[in-house]
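The values are calculated or read from the model by the stated rules, or taken from the named source; none is laboratory data. Predicted model, so just to flag it, every value in this text is computed and none were measured. Glycine also receives a Cβ, built like all others from the backbone with ideal geometry; neighbour counts cover every protein chain displayed. Surface areas here come from the heavy atoms of the whole protein model, side chains and all, with no ligands, DNA or RNA. Shrake-Rupley method; radii C 1.70, N 1.55, O 1.52, S 1.80 Å.
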Amino acid sequence: MINDYPFGNLDLASLSLWVFFIFFVGLVIWLQRENQREGYPLVDEDGTRADAGGIWPVPSDKTFILPHGHGEKKLPSQQNVDRSDLALSAVAKTGGFPFMPSLDPMKAGVGPGSWAPRSDLPELDCHGKPKIVPMSTTDFHHAAGRDPRGMPVVAGDDAIVGMISDMWVDEPEQLVRYLQIDLDPEFGGGARLVPMTMARIRSDRVQVRSIYGAHFAGVPTTAKPGEVTKLEEEKIMAYYGAGLLYADEARSAPRL
């Protein structure tokens with residue numbers, strides 16, 4: 001009879017099942033909260049705190065020790081920068097209408113030109129050295145395909161703005177990430193980087209269609225020669241991305 005046993009019909013098998021069930025539920029809750037460390041707390045369009053999207057609250061801050069002596073970082077707090085400096089203005093007071101850039105759309109940092117406030121330090125490899133460096137400073141060499149160095153750079157309006165002088169490679173990944181452009185004086189002069197994904201290497205030229213000749217002078221530069229930080233990467237790629245929509249008024253018009 002059941003009364004003959006202190007725990008009724010509880011045996012080792014059912015105990016193991018309940019322990020696993022409780023552990024699994026706890027694991028799901030823990031994973032759901034840990035998933036809210038990046039990109040949280042959420043905010044609404046007006047900048048107010050938004051619902052996290054679930055029944056579990058945003059987890060408390062966790063301290064991560066950064067490698068190579070770069071200090072500590074606490075998450076999920078302090079992820080969202082002050083929204084008051086965003087160059088956006090609503091086209092209507094009611095919801096559902098788009099926001100438009102209120103400043104120079106190529107530099108506003110919004111829409112297709114948005115960038116994330118990443119650390120203003122270069123991305124490092126496992127040895128603590130910058131991953132992305134000019135090929136001219138490495139042992140890498142061009143082995144296949146067309147070598148773009150020495151080719152003219154043609155903008156989206158067919159203006160020849162300069163020539164390719166170097167390639168910046170991701171050493172651990174062994175990939176070309178950027179092409180370095182030496183601009184002609186009438187287009188701003190100096191060196192600028194263009195992401196490899198925004199350039200097309202033709203037989204006799206390098207085509208950059210996202211921006212026009214007049215825009216190359218405004219391409220963000222690097223603070224140190226031969227080194228690009230993660231924040232600089234964001235702004236460089238955002239500038240070329242903004243050109244896809246804002247380089248010409250005709251690009252922002254609807255297409256039928």
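Just a few scattered comments:
- Peptides 102-113, 233-244 ordered by packing proxy, namely the average of other Cβ atoms within 10 Å per residue, highest first: 233-244, 102-113.
- A simple spin-label model places the labels of Trp56 and Arg37 1.3 nm from each other, with each point 7 Å out along Cα-to-Cβ.
- With a simple spin-label model that places each label point 7 Å from the Cα along the Cα-to-Cβ direction, the separation between Glu186 and Val19 comes to 8.0 nm.
- Computed on the Cα trace of the stretch 116-251, the radius of gyration divided by the Kirkwood hydrodynamic radius gives Rg/Rh = 0.96.
- Whole-number D in µm²/s for the chain (Stokes-Einstein; Kirkwood sum over Cα pairs; 37 °C, 0.692 mPa s): 146
- All Cα pairs of the stretch 152-204, percent lying beyond 17 Å: 36
- Additional length obtainable on full extension of the chain from Asp147 to Leu27, 0.36 nm per residue less Cα span: 38.0 nm
- Charge dipole of the chain (Cα centre as origin; +1 on each Lys and Arg Cβ, -1 on each Asp and Glu Cβ, all else neutral): 240 debye, rounded to the nearest 20.
- Label point at Asp120 placed 7 Å out along Cα→Cβ; residues across the stretch 218-243 whose backbone nitrogen lies under 19 Å: 219-239
- Using a Förster distance of 45 Å, the FRET efficiency for Thr138-Thr48 (Cβ separation, nearest 0.05): 0.40
- For a straight C-alpha distance cut-off of 19 angstrom, the lysines reachable from Lys131 (same-chain residues fewer than eight places away being disregarded) are Lys224, Lys230, Lys235.
- Degrees separating the helix 12-34 axis from the principal Cα axis of the chain, which is the longest one: 30
- Probe 1.4 Å, accessible area per residue of the stretch 116-251, Å²: 50
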